Structure formats: C-alpha cells, structure tokens
Amino acid sequence: DNLWGKDTLETAAWFEELNFHTVAGLVTSQRLNGRAAISMGKLKLQERLKLTQDEALKVRCSIEAERGGATVQACNVVGVLDVYKKIYGFVDDYVFFGLKMDLTKPNWW
C-alpha cells in the first residue's frame, strides 16, 4: 500500500512495518502523514525523526522502492541497501527499482 495517501496513523504503521518503532511514535506526535514523510530527504528525516544516517537511507530506500514499483521490503534483500547507499542522489528511483529488477525472479538483484 502506497505511503503517499496515508494519514498519520497509517504512516506510523508503515514505519512500524519497517521496525522503526520510535519513529512511528514521532510521526504520530508530530502529526505527519505519508506525503510529509515522502517529501523529507535524508537530512530532514534525521532531524525530524531522530534517525541515524543509515536509518534515514533505509527509509529513503523503502520510499523510493515503493515509488519505483517494488515493495518496501526490497531494501531488506541482501546487498540492495548497500548499492542504494552508493547511488543515492545519482540515480532516479524509477530507474533503480523499476528497470533494475525482474519481479518474475525471486532473487531479482
């Protein structure tokens, strides 16, 4: 389910699904919806949601995976997050997640 249309509670649940439990609480207390979360870059995620740099990149990876047609769990596939960290800011999310993967194969990466 796409983060874009989620209200505050649904956005908090989205972060819970990624195992960011304290972030879910901050999303609720700050009354952030999915659009607000999507609009945040790495630095704003670190500032507003108290994430480390690696955690912020994992959140951005999950957001961009979803936008690119993959699931948010795509960033949990071994090696994907490491490659994402190297190309963050250089490659469009639609290109990275949309063209890089073959969904017909279980190990698309």
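The values are calculated or read from the model by the stated rules, or taken from the named source; none is laboratory data. Please read all numbers here as calculations on a predicted model, not as lab measurements. A quick note on method: Cβ atoms are made from the backbone with ideal geometry, for glycine too, and the neighbour counts reach across all protein chains shown. We work out accessible area using only protein heavy atoms, side chains counted, and drop any ligands, DNA or RNA first. Shrake-Rupley method; radii C 1.70, N 1.55, O 1.52, S 1.80 Å.
With K and R counted +1 and D and E -1, the other residues having a Cβ less than 12 Å from that of Leu81 yield a net charge of 0. Within region 1-75, the trypsin sites (Lys or Arg not before Pro) that combine a DSSP coil assignment with at most 14 other C-beta atoms in a 10 angstrom radius are Arg31, Lys50. Computed with a 1.4 Å probe over protein heavy atoms only, the accessible area of Leu18 comes to about 10 Å².
One chain, two ends: Lys44 and Glu16. Fully extended at 0.36 nm per residue, the span grows by 8.2 nm beyond their Cα-Cα distance. Ranking Val23, Val83 by solvent-accessible area of protein heavy atoms (1.4 Å probe, all protein chains present), from largest to smallest, gives Val83, Val23. Accessible surface of Glu10, taken over heavy atoms with a 1.4 Å probe and every protein chain present, rounds to 90 Å². Distance distribution note for region 1-40: the fraction of Cα pairs above 11 angstrom is 53%. For region 23-91, chymotrypsin sites (Phe, Trp or Tyr not before Pro) are listed when DSSP marks them as loop and at most 14 other Cβ atoms sit within 10 Å of their Cβ; the list is Phe90.
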